[in-house]
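The values are calculated or read from the model by the stated rules, or taken from the named source; none is laboratory data. What you see is a predicted model, and the numbers here were worked out from it, not measured in a lab. Quick reminder, even Gly has a Cβ in these numbers, built from the backbone with ideal geometry, and neighbours come from all protein chains shown. These accessible areas exclude ligands, DNA and RNA; they are computed on the full protein's heavy atoms, side chains included. Shrake-Rupley method; radii C 1.70, N 1.55, O 1.52, S 1.80 Å.
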Amino acid sequence: MEPFMKPVHQLSRCFILYRDKQLCSEGITGYQQSYLIKICDNPGIPQEQLSKILYVNKSSVTRQLAMLEKAGFITRSPHEEDKRQLLVFPTQKAIDLYPKLRQVIRQWNAALLENIPQEQQEVFSAFLHQLLDRAVTLVQEEGGCKKE
């Protein structure tokens, strides 16, 4: 039997490529979509918290945010109480793009699941959430990221 993580990884890569294609005209990548959604959902989120909730290392977050800031999608400002901590805010440009970001996800999910019966979708979703919970537990036991 083929390791089950291989198709999971390939599915994830396909989703990123799909988002790349759908969002290239907006000037963002498939990776950056996740950042913008979290930032729009949580204006003023600490930059460090983004690495935890997206399961991405801090240097990758810093790079992606620098690109988003340069493109005019976000602003960063020091926290009033802890100047070492940067807070991330969406700009109006990001807020205006937000509905399209969500629409791309809905379109992907609908296309991907269109031929799968609802009851199978529910079982699959429950199974994936069980795997995620276990994965987070394993990472936490190793001293890594925490589930938000």
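Over region 18-57, what percent of the accessible surface lies on carbon and sulfur atoms, probe 1.4 Å?
48 percent
Could you tell me which GluC sites (Glu not before Pro) in region 9-114 are loop residues by DSSP with no more than 12 other beta carbons within 10 angstrom of their beta carbon?
Answer in residue order: 80, 81, 114.
Most mobile of 66, 111, 94 per a Gaussian network model of the chain (Cα springs, under 10 Å)?
111
Two decimals is fine: what's Rg over Rh for the chain, C-alpha atoms, Kirkwood radius as Rh?
On the Cα set of the chain, Rg over Rh gives 1.00.
Using a Gaussian network model of the chain whose springs link C-alpha atoms within less than 10 Å, name the residue from 47, 120, 85 with the highest mean-square fluctuation.
Of the options given, 120 has the highest mean-square fluctuation.
Have a look at 88, 61, 104 and tell me which one the Gaussian network model of the chain (Cα, springs below 10 Å) gives the largest fluctuation.
Result: 104 has the largest fluctuation of those listed.
Trypsin sites (Lys or Arg not before Pro), restricted to region 77-127: which are DSSP loop and have at most 11 other Cβ atoms within 10 Å?
When the trypsin sites (Lys or Arg not before Pro) of region 77-127 are filtered for loop state and at most 11 Cβ neighbours within 10 Å, 83, 84 remain.
Could you report the accessible area of residue 129 in Å², rounded to 10, computed with a 1.4 Å probe on the protein chains as they sit in the structure?
Approximately 110 Å² for this residue.
Per residue of region 29-40, what does 6.51 cos²θ - 1.76 cosθ + 1.60 with θ = phi - 60° give for ³J(HN,Hα)? Whole Hz please, x for Gly and Pro, Karplus curve as stated.
3J(HN,Hα) across region 29-40, in whole Hz: 9, x, 5, 5, 4, 4, 4, 5, 4, 4, 5, 5.
Keeping all protein chains in place, calculate the accessible area per residue for the chain (probe 1.4 angstrom), answer in Å².
67 Å²
Distance between the C-alpha centers of region 1-26 and region 77-98? Whole Å please.
When both Cα centres are located, 28 Å separates them.
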